[in-house]
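What follows is one structure encoded as structure tokens, with my remarks underneath.
The values are calculated or read from the model by the stated rules, or taken from the named source; none is laboratory data. As the structure is a computational prediction, the values presented were derived from the model and not from experiment. All Cβ positions, glycine included, derive from the backbone under ideal geometry; neighbour counts span all protein chains shown. Areas reflect the complete protein model, heavy atoms only, side chains present, ligands, DNA and RNA absent. Shrake-Rupley method; radii C 1.70, N 1.55, O 1.52, S 1.80 Å.
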Amino acid sequence: MSRKITFSIIVPMYNEEAVIQETYRRLKKVMSAAGQTYELLFVNDGSKDRSAAIIEEYGYWDETVKLIDFSRNFGHQIAITAGMDYASGDAVIIIDADLQDPPELILGMIERWREGYEVVYATRGKRNGESRFKKWSASAFYRILRASTDIDIPVDTGDFRLMDRKVVDQMNRLPENNRFVRGLVSWVGFRQTSIVYERDERLAGETKYPLRRMIKLCLDGITSFSYKPLKLAGYMGAALSGIGFLFLLYVVYLAVFTHATMKGWPSLMGIMLIFNGFILIMLGILGEYVGRIYDETKGRPLYIVRDVRGLAAGLGEKAALPRTGSGGQP
Ligand code: UDP
Ligand code: MG
């Protein structure tokens with residue numbers, strides 16, 4: 001039987017062959033400085049390059065290296081979730097594979113954890129070497145999220161964080177499919193604190209989060225934590241019918257008390273376009289929610305594992321069980 005593991009480091013990777021060796025080296029260095037047992041849990045999210053092969057090779061002579069190999073690309077948030085299902089440490093740390101999150105910060109997180117905090121997340125004070133558009137869109141993302149959700153999700157904070165076993169166990173009970181991990185961590189509560197850091201440039205390779213995926217992540221965040229967009233239709237409808245009623249009074253007044261007739265085809269057309277636009281937008285918002293409800297009712301497992309290295313096989317099935325079935329809580 002292997003020794004009890006104190007720290008589990010989860011590293012999701014999608015086509016990261018250019019950086020993964022350096023990431024491995026830096027993580028090893030940091031974790032040996034931490035001086036406790038640990039495991040490096042790499043989740044290969046359907047990479048089409050040699051990422052998984054490289055890690056597999058390390059695993060032959062380094063028993064701390066473990067690999068969960070997905071059958072295809074399931075997405076960053078799902079990869080993290082799988083890592084949490086398989087992790088066995090007393091504390092679990094999630095870190096990006098591209099070294100944008102400096103591994104050295106883990107030591108600081110561990111310190112705060114020892115002080116009694118159950119979640120230590122890393123907030124980006126500054127972002128280096130990313131395009132202006134990326135910075136702007138990321139900043140907008142966190143602010144839109146904050147404004148539209150009902151729980152307190154910290155701004156400028158990614159998934160780079162440490163979580164206590166207690167938190168991970170609770171997270172693993174949450175059955176939803178469209179996962180927004182950092183929101184869920186806020187939702188489960190516990191004693192949380194943050195440390196601020198400067199986000200570095202990607203060491204190599206390119207971002208796997210194009211605008212399309214950012215928008216999906218943002219919508220997942222908003223729809224899983226708020227009904228506000230759905231209520232928007234009600235408010236807009238009330239405001240518009242109020243305006244419409246006043247306008248009608250005015251038209252009647254003109255017809256009865258003056259000789260002015262209102263000429264209005266172009267303006268009518270314009271107003272129609274605007275309102276039909278509103279209606280379609282609201283239908284789209286409804287669609288976002290309905291689609292997600294549909295995803296949840298299908299009850300498919302979150303991910304499919306081709307192979308695991310260095311871990312007990314079948315663990316994922318156990319972990320996936322409460323998520324399948326008809327949605328009843330265990
Ligand atoms: N990632 C993943 N699956 C995906 C997309 C990304 O596992 O479908 C991983 C990626 O390898 C990296 C982390 O998630 O370790 C963050 O991705 P990225 O650095 O591309 O995002 P950014 O830092 O640009 O927001
Ligand atoms: Mg990155």
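Below, the figures for the structure above:
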item: Mean Cα-pair separation over length for the chain, i.e. relative contact order, pairs under 8 Å, 6 or more apart, %; result: 22
item: Considering only the chain, percent of DSSP beta bridges that pair antiparallel, nearest 5; result: 35
item: Normalised contact order of region 85-211, rounded percent, pairs of Cα under 8 Å and 6 or more residues apart; result: 45
item: Of the DSSP H helices in the chain, those whose Cα atoms cover at least 27 Å axially and whose Kyte score averages 0.0 or more; result: 228-257, 265-298
item: Helical contribution to [θ] at 222 nm, DSSP H n ≥ 4, -39,500 (n - 2.57), averaged over the chain, rounded to 500; result: -16000 deg cm²/dmol
item: Region 152-245: Rg to Rh, with Rh as the Kirkwood radius over Cα pairs; result: 1.10
item: Hypothetical label at Thr258: residues of region 212-251 whose amide nitrogen lies under 16 Å (7 Å Cα-Cβ projection); result: 247-251
item: Highest average packing first - 149-156, 86-93, 6-13, 97-104, Cβ atoms within 10 Å; result: 6-13, 86-93, 97-104, 149-156
item: R0 of 45 Å, Cβ-Cβ distance Glu57-Arg146: FRET efficiency to nearest 0.05; result: 0.60
item: Size of electric dipole in the chain: Cβ of Lys, Arg +1 and of Asp, Glu -1, about Cα centre, debye, nearest 20; result: 760
item: Region 47-131: translational diffusion in µm²/s, Stokes-Einstein, Kirkwood Rh over Cα pairs, 4 °C, 1.567 mPa s; result: 85
item: Heavy-atom accessible area per residue - the chain, 1.4 Å, Å²; result: 53
item: For the chain, with +1 on Lys and Arg beta carbons and -1 on Asp and Glu, the positive-most of Met109, Thr207, Ala238 along the dipole; result: Ala238
item: Viscosity 1.306 mPa s, 10 °C: Kirkwood-radius Stokes-Einstein D of the chain over Cα pairs, µm²/s; result: 71
item: Selected from Met282, Met31, Met84 as most flexible by GNM, with the chain as the system and alpha-carbon contacts under 10 Å; result: Met282
item: Exposure rank, largest accessible area first [Ser71, Ser186; 1.4 Å]; result: Ser71, Ser186
item: Accessible surface of the chain, 1.4 Å probe, proportion on carbon and sulfur as whole %; result: 62
item: Distance from region 124-167 to region 282-296 (C-alpha centre basis), Å; result: 24
item: Potential lengthening between Glu198 and Arg173 on full extension [0.36 nm per residue; Cα-Cα distance subtracted]; result: 5.7 nm
item: Distance between region 1-57 and region 86-114 - C-alpha centres, whole angstrom; result: 12
